[in-house]
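Asker: My questions will all concern the structure given below.
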Amino acid sequence: MRTFYTAALVLLAAGCATAIPPKELLDARAADKRASEGVAARLNPADLHNAKTSLQEAERAFADKGDTQEARDLSYTADLRFQTAESRARALETNADKARTIAQMQANIAANGQRANANLGRANEQIANQGQALKNQGQMLQDETQRRLEAEKRAAQSAADLARLGAVKNEPRGMVLTLSGGVLFVTNKAELLPAAQVKLNEVADALIKQDPTSKIMVEGYTDSQGAAAYNQELSQRRAKAVRDYLVSRGIASDRISSEGFGLTKPVADNGSAEGRANNRRVEIVITPAKP
């Protein structure tokens, strides 16, 4: 079975020979190697199989489309499933060790004869408590894993929704959604257009699916036309207008903030109309909470 997975991954990787795999895919491959060589291969082959299937899906997405958000999301899910397979295997190993300890304890009690009889009631109670604790631990691990998988599924759906609304890219600071200022505002104004409110309704719906502990920063930018101080103030008002509207649509106020950067940090040459249009923008940055 392992030879089959290895061959499949080699074939998929060959299709991507001309593209640089994203970090998420490299992490998933490394997680596969660790899990396949570790305790998961021996004690938790079912979850390991599911994780390898997820990795194959990620490899296919990368082979077919290159470094896309879909390939990154599938890779991240595969990585998480490898981690889960290892965690469950370690828990099973720990439980087995504890079970052996309990069995040895019972053997010692039986060998001690009459003295054991006096302590048997207490020992049985202790064993029952340990067994219940192990059962509770296993249930907690299962529940936690389910919550994490559901959260990742919601985050992946949110990312896909955001990608349909504007340009989305992943940066070290987090996921960045870029919206054109021309879609949101009238020139030199900070009041949202009706069409902007419709788009921001969809943005809010997608953001609500994100991890509620993540932080959101709304950043406003302008082109280089006009005074720097005016552009700074205009970008701040525009960022705040977007932030306040998203709060009105259900985003927690303590989770989202805004800042204006004026004409700084251009993404295009201000020497052309197209470049200036690209620089007039609002960026929404979603930063995951620190572990």
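Asker: Any chance you could run the full-extension gain for Ala128 through Ala111? It's 0.36 nm times the residue separation minus the Cα-Cα distance, nm to one decimal.
Answerer: Working: separation 17, 0.36 × 17 = 6.12 nm, distance 2.03 nm.
Working it through step by step, the gained length comes to 4.1 nm.
Asker: Kindly rank 169-181, 73-85 from highest to lowest mean number of other beta carbons found within 10 Å of each residue. Display every interim value, and only then the final one.
Answerer: Details: 169-181: 15.7, 73-85: 24.0.
Ranked by mean Cβ neighbours within 10 Å, highest first: 73-85, 169-181.
Asker: Could you order the peptides 23-36, 49-62, 92-105 from most to least packed, using the average number of other C-beta atoms within 10 Å per residue? Please report the intermediate quantities before stating the final value.
Answerer: Values: 23-36: 18.5, 49-62: 20.9, 92-105: 12.9.
Per-residue Cβ counts within 10 Å, averaged per peptide and sorted highest first, yield 49-62, 23-36, 92-105.
Asker: Kindly identify the range 166-287 as rounded, prolate or oblate by the Cα gyration tensor criterion: order the square roots of the eigenvalues as a ≥ b ≥ c, call it rounded if a/c is under 1.5, otherwise compare a/b with b/c, prolate if a/b is larger, else oblate. Please report the intermediate quantities before stating the final value.
Answerer: Details: a/c = 1.80, a/b = 1.54, b/c = 1.17.
Prolate, since a/c reaches 1.5 and a/b exceeds b/c.
Asker: Sorted by mean Cβ packing within 10 Å, highest first, what order do the peptides 209-221, 192-204 take?
Answerer: Ranking the peptides 209-221, 192-204 by packing returns 209-221, 192-204.
Asker: By the gyration tensor of its Cα atoms, with a ≥ b ≥ c the square roots of the eigenvalues, what is the shape of the range 49-102: rounded for a/c under 1.5, prolate for a/b over b/c, or oblate? It would help to have the intermediate numbers written out before the result.
Answerer: Values: a/c = 7.70, a/b = 4.14, b/c = 1.86.
It is prolate, given that a/c is not under 1.5 and a/b is the larger ratio.
Asker: Beyond 16 Å, how much of the Cα-Cα pair distribution for the range 198-264 remains, as a whole percent?
Answerer: It works out to 48 percent of all Cα pairs.
Asker: Hey, how many Å between the Cα centroid of the range 209-248 and the Cα centroid of the range 266-291?
Answerer: With the range 209-248 and the range 266-291 each reduced to a Cα centre, they are spaced 11 Å.
Computed from the coordinates by the stated procedures, all read-outs in this text should not be read as laboratory data. The structure presented is a predicted model; accordingly, all values stated were derived computationally and were not measured. Heads up, the Cβs are rebuilt from the backbone with ideal geometry, glycines too, and the neighbour counts pull from every protein chain shown.
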